[in-house]
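First the structure, in the form of structure tokens, and then the observations on it.
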């Protein structure tokens with residue numbers, strides 16, 4: 001079984017990172033120093049310490065990626081904080097922080113992360129021949145996909161994503177049928193065939 005192939009594929013990489021917020025993406029690309037300065041800035045704003053907030057804002061602006069998007073939630077946050085602090089308006093900075101936090105933690109993030117783990121659990125269980133664990137993981141995956149499908153619009157899905165969606169949906173049907181009849185070998189064959197024919201694309205766009 002080519003479980004490692006799935007984990008290293010661009011398809012799975014997109015699945016694993018699709019829930020990353022603009023804030024965490026910017027922080028990660030700039031290294032730990034930027035992340036630390038940003039965390040300190042947020043803490044100072046929350047505590048109402050305008051002096052420290054100004055100090056850390058200067059650090060953040062120096063360490064921010066040169067290609068950072070000023071229109072991203074993080075970019076708008078820094079712009080708002082800079083304006084507020086220049087007027088000694090700590091309340092304004094706190095308001096900007098609250099707005100950023102709502103962007104950074106959308107409810108879909110946890111669902112996407114859970115789906116990532118459950119898909120891996122399903123594939124790993126099938127790979128090891130563990131019928132009980134495979135059935136449990138299968139139930140979780142289908143439940144999350146149903147929830148995602150009912151809460152998101154698919155009208156703008158690209159043809160490539162639609163193809164990936166159809167392929168993964170077909171795989172789940174085969175796996176579900178095999179597990180229902182207690183035949184884990186058939187599920188392994190279906191998964192092997194799916195992984196062998198896997199092309200670059202997005203697995204989770206099938207659900208999101």
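The values are calculated or read from the model by the stated rules, or taken from the named source; none is laboratory data. Here the structure is a predicted model, which means the values were calculated and not measured. Neighbour counts run over all protein chains shown; Cβ positions are idealised from the backbone, glycine included.
Only residues that are touching a helix residue (DSSP H, G or I) at 6+ places or on another chain (Cβ under 9 Å) and modelled with pLDDT under 85: list them for the stretch 129-148, please. Of everything in the stretch 129-148, those that are touching a helix residue (DSSP H, G or I) at 6+ places or on another chain (Cβ under 9 Å) and modelled with pLDDT under 85 turn out to be 144, 145, 147, 148.
Only one of the numbered conditions (1) buried (at least 17 other Cβ atoms within 10 Å of the Cβ); (2) modelled with pLDDT of 85 or more is violated by residue 164, and that is (2). Before we move on, is residue 22 surrounded by fewer than 20 Cβ atoms within 10 Å (Cβ to Cβ), modelled with pLDDT under 90 and in contact with a helix residue (DSSP H, G or I) (Cβ under 6 Å, 6 or more places away or on another chain)? So residue 22 fits the description; yes. Among residues of the stretch 55-74 being over 16 Å from residue 33 (Cβ atoms) and surrounded by fewer than 16 Cβ atoms within 10 Å (Cβ to Cβ), the one that is modelled with the highest pLDDT is 71. Among the residues making up the stretch 96-115, those that are under 9 Å from the mean Cα position of the chain (by Cα) and either at pLDDT below 65 or surrounded by 16 or more Cβ atoms within 10 Å (Cβ to Cβ) (or both) are 108, 109, 110, 111, 112.
Look through the stretch 167-208, keep the residues that are assigned to a loop (DSSP other than H, G, I, E, B) and under 13 Å from residue 145 (Cα atoms), and return whichever of them is modelled with the highest pLDDT. So that I can check it myself, show each step before the final result.
Filtering the stretch 167-208 down to residues assigned to a loop (DSSP other than H, G, I, E, B) leaves 181-183, 197-203, 207-208.
Within this subset, residues satisfying the condition of being under 13 Å from residue 145 (Cα atoms) are 203, 207-208.
Values: 203: 46, 207: 39, 208: 38.
The selected residue is 203.
Residue count for the stretch 26-48 under the criterion of being modelled with pLDDT under 50 and either in contact with a helix residue (DSSP H, G or I) (Cβ under 7 Å, 6 or more places away or on another chain) or outside the structural domain of residue 94 (by TED's automatic domain parsing) (or both): the result is 3.
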